Amino acid sequence: MKVPFVTFGPLQQELDSELRGAFERVYDRSWYIEGVEDEAFEKAFAKYCHTDYCVGVGNGLDSLMLALKALGVGEGDEVIVPSNTYIATALAVTYVGAKPVFVEPDINTFNIDPNRIEAAVTEKTKAIMPVHLYGQACDMDPIMEIARKHGLYVVEDCAQAHGATYKGRVIGSFGDAAGFSFYPGKNLGALGDAGATTTNSKELADKIRALGNYGSDYKYHHIYQGNNSRLDELQAAFLAAKLPHLEKVNENRRATADKYLSGINNPEVILPVVPDYAVPVWHIFGIRCKRRDELEKHLNDLGISTNKHYPIPMHLQGCYSDLGYSEGDFPIAEEISKTELSLPMYYGMTDEEIQYVIDGINSFK
């Protein structure tokens, strides 16, 4: 049997007429940037996230970068980010001229450890950027408490966690702003690059929108040195068609994760941990194994596709060599990078496929 790491087929087949209808609607209207589709999706997604405002942007990286820029984070500032995350989190900080300051994760949840954050706060710290990694919410209460204590902004990185909840509350509604990616592989994915920033501040939403539109608040009137990052009408229409199905998608992924958690029984494998406060949406189902590369080969030989998130931690990436870090500086992130293996996880996995993956892992000796 062949089991892909991810496939879009099952959902796209179910939504075929809706997605084609969305394309034809935009095509027939001949309006492709900042139109009714964008406006409708922004309102719907803000409501879904329980926030007052949503601003569509070009991609997930820009959703974070524009939020930081709108908050005034810039040259000479520091932003606390987890040492274990995708590079976009740190790049958003770099792009506004600030310095990313890495803080280790909890080895059990892979998310930033709130108990380590305060030690990283300096007089230059301007914001904390927690990442709800793999679709599981960070422990937000202590993070928000630290932010209030030190007068720091909080920008949530929700790129992998559309619909995840923390103590019953949807993520993306805790901080000053939150960034989302709608890259095609996300739980809510466009058919190309797309992103959005949510916030409860009208002033901040207006500034993010202007910054993403060349710094313009109205045509040919530029109040900021802005960027070109807008959610185009076509992607907005696709996302609006898929948003009503997001809870069904998330529930399906939870059911798959539950089968993995109950079925995988191999002493070589460490399963992900779900704290009582979190209801994940399982964008990624990541296990750990000391013999990760051997396990990966074993599964690949059986026709089971896998991935690694992320094989090189950020502080050891060449693009951040100027920060002066070396191997051993962030041992938890390094341990995760050496042992994490992501299993197939997508909407529409069959029971046979799920069981085949479970059996493949359990047969690893």
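Under the definition of Cα pairs under 8 Å and six or more residues apart, what whole-number percent is the relative contact order of region 89-192? Relative contact order comes out at 19 percent. Among residues other than Ser216 with Cβ under 15 Å from its Cβ, the summed charge is +2 (Lys and Arg +1, Asp and Glu -1).
Estimated at 0.36 nm per residue, the fully extended path between Asn200 and Ser363 surpasses their Cα-Cα distance by 53.7 nm.
Summing charges over neighbours of His315, with a neighbour being any other residue whose Cβ is under 15 Å away from its Cβ, gives -4 when K and R count +1 and D and E count -1.
The Cβ shell under 11 Å around Pro275 holds other residues with a net charge of -2, Lys and Arg each +1, Asp and Glu each -1.
Of the residues Glu335, Glu14, ranked by 1.4 Å probe accessible area with the largest first, the sequence reads Glu14, Glu335.
Given R0 = 30 Å, the distance between the Cβ atoms of Lys338 and Leu91 translates into a calculated FRET efficiency of 0.85. Using a simple spin-label model with pseudo-atoms 7 Å out from Cα toward Cβ, Tyr32 and Lys259 lie 4.2 nm apart. Extension gain, Met1 to Arg169: 0.36 nm times the residue separation minus the Cα-Cα distance gives 56.5 nm. Dividing the summed -39500 (n - 2.57) terms of all DSSP H runs of n ≥ 4 by the residue count of the chain sets its mean residue ellipticity at 222 nm at -11000 deg cm²/dmol.
The values are calculated or read from the model by the stated rules, or taken from the named source; none is laboratory data. Just so we're clear, the structure is a prediction, and the values are computed from it rather than from any experiment. Positions of Cβ are generated from backbone atoms using ideal geometry, with glycine treated the same way; all protein chains shown enter the neighbour counts. Protein only, heavy atoms only, side chains kept; ligands, DNA and RNA dropped before computing areas. Shrake-Rupley method; radii C 1.70, N 1.55, O 1.52, S 1.80 Å.
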